[in-house]
1. Does Tyr121 fit the bill of being in a strand (DSSP E or B) and out of contact with any Phe, Trp or Tyr (no Cβ under 6 Å at 6 or more places or on another chain)?
2. Can Leu170 be described as within 16 Å of the chain's Cα centre (by Cα) and either surrounded by 13 or more Cβ atoms within 10 Å (Cβ to Cβ) or under 19 Å from Lys93 (Cβ atoms) (or both)?
3. Which one is farthest from Ser148 (Cα to Cα) among residues in the stretch 53-73 that are of a type in the set (S, T, N, Q) and surrounded by fewer than 19 Cβ atoms within 10 Å (Cβ to Cβ)?
4. Return yes when Asp99 is charged (D, E, K, R), modelled with pLDDT of 95 or more and more than 28 Å from Arg184 (Cβ to Cβ) and no when it is not.
5. Looking at Val165, is it of a type outside the set (Lys, Arg) and within 21 Å of Gly90 (Cβ to Cβ)?
6. Out of the stretch 190-204, which residues are farther than 13 Å from Val155 by Cα, among the charged types (D, E, K, R) and surrounded by fewer than 17 Cβ atoms within 10 Å (Cβ to Cβ)?
7. Closer than 25 Å to Leu48 by Cα, out of contact with any His (no Cβ under 8 Å at 6 or more places or on another chain), β-branched (Val, Ile, Thr) and in contact (Cβ under 8 Å) with a residue 40 or more places away in the chain, is that true of Ile162?
8. Do we have Arg184 as modelled with pLDDT of 95 or more and either of a type in the set (Val, Ile, Thr) or in contact with a strand residue (DSSP E or B) (Cβ under 9 Å, 6 or more places away or on another chain) (or both) here?
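The values are calculated or read from the model by the stated rules, or taken from the named source; none is laboratory data. Keep in mind that what you see is a predicted model, and the values were worked out from it rather than measured. Glycine gets a Cβ as well: all are built from the backbone with ideal geometry, and neighbour counts include every protein chain shown.
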Amino acid sequence: MQAPFSALFRLPRRQPGKPLPARPLARKAALCHEQGHPQRPEPPGHMLRTKEELLTHLESLGLETGTVTHPPLHTVEESQAWRRDMAPGGHFKNLFLKDRNGRLWLIVALEETRIRLNKLYKRLEGAGRLSFASPELMDEVLGVKPGSVTPFGLVNDTEKRITPVFDEGLLTHERLYFHPLDNRATTAISRADFLKFLEACGHEARFTALEEPQSAD
């Protein structure tokens with residue numbers, strides 16, 4: 001029987017004076033750090049294609065997550081109509097883009113953020129005019145299909161072809177929700193653990209204001 005959101009997405013909370021229970025790999029990494037030998041996370045070694053592969057990888061990094069399955073969700077509107085009784089947190093729209101110079105961008109913005117594609121490049125340092133990247137390129141670099149774009153796909157960008165840019169509003173949420181490479185599921189992760197994930201991928205976390213003023217021409 002599927003667990004309700006309120007239970008499934010309740011990430012462990014640290015009690016005063018009591019650390020969160022560490023998973024085996026997390027304890028190993030902590031021990032290495034205490035002994036003066038910080039352990040750098042190992043890349044998966046192959047492209048991750050399924051949520052099961054991704055969640056196993058996240059667990060290997062010692063990151064806490066909660067995941068639930070649901071009907072395929074292709075748009076922000078479908079997601080908003082479906083979710084109920086979810087713990088507070090940030091929900092996002094993710095745009096996989098290519099500029100006229102061939103550079104790839106992953107834009108991760110809060111779902112209510114107003115974005116105008118023809119003006120977005122002005123907010124991105126070094127970007128040319130932007131358009132949506134092809135489904136073939138999406139599959140090649142992120143390992144996902146249209147409708148399933150997610151920053152978790154950065155784990156597959158081992159050649160660092162993508163420049164990810166995050167809405168600065170992400171930093172206002174303690175809990176974040178993303179598809180785990182599959183739009184038939186949603187994964188909750190704490191902001192702190194998500195930033196650790198980005199670091200493990202070798203991607204810099206770049207934050208900027210993505211909201212387009214309503215009065216803009």
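1. no
2. So Leu170 passes the test.
3. Initially, the stretch 53-73 is screened for residues of a type in the set (S, T, N, Q), giving 56, 60, 65, 67, 69.
Okay, now just the ones that are also surrounded by fewer than 19 Cβ atoms within 10 Å (Cβ to Cβ), so 56, 60, 69.
Working: Thr56: 18, Ser60: 23, Thr69: 13 Å.
Only one residue tops the list, namely Ser60.
4. Values: charged (D, E, K, R): yes; modelled with pLDDT of 95 or more: yes; more than 28 Å from Arg184 (Cβ to Cβ): yes.
The answer is yes for Asp99.
5. Yes: the conditions hold for Val165.
6. Arg191
7. Numbers: closer than 25 Å to Leu48 by Cα: yes; out of contact with any His (no Cβ under 8 Å at 6 or more places or on another chain): no; β-branched (Val, Ile, Thr): yes; in contact (Cβ under 8 Å) with a residue 40 or more places away in the chain: yes.
No.
8. No: the conditions fail for Arg184.
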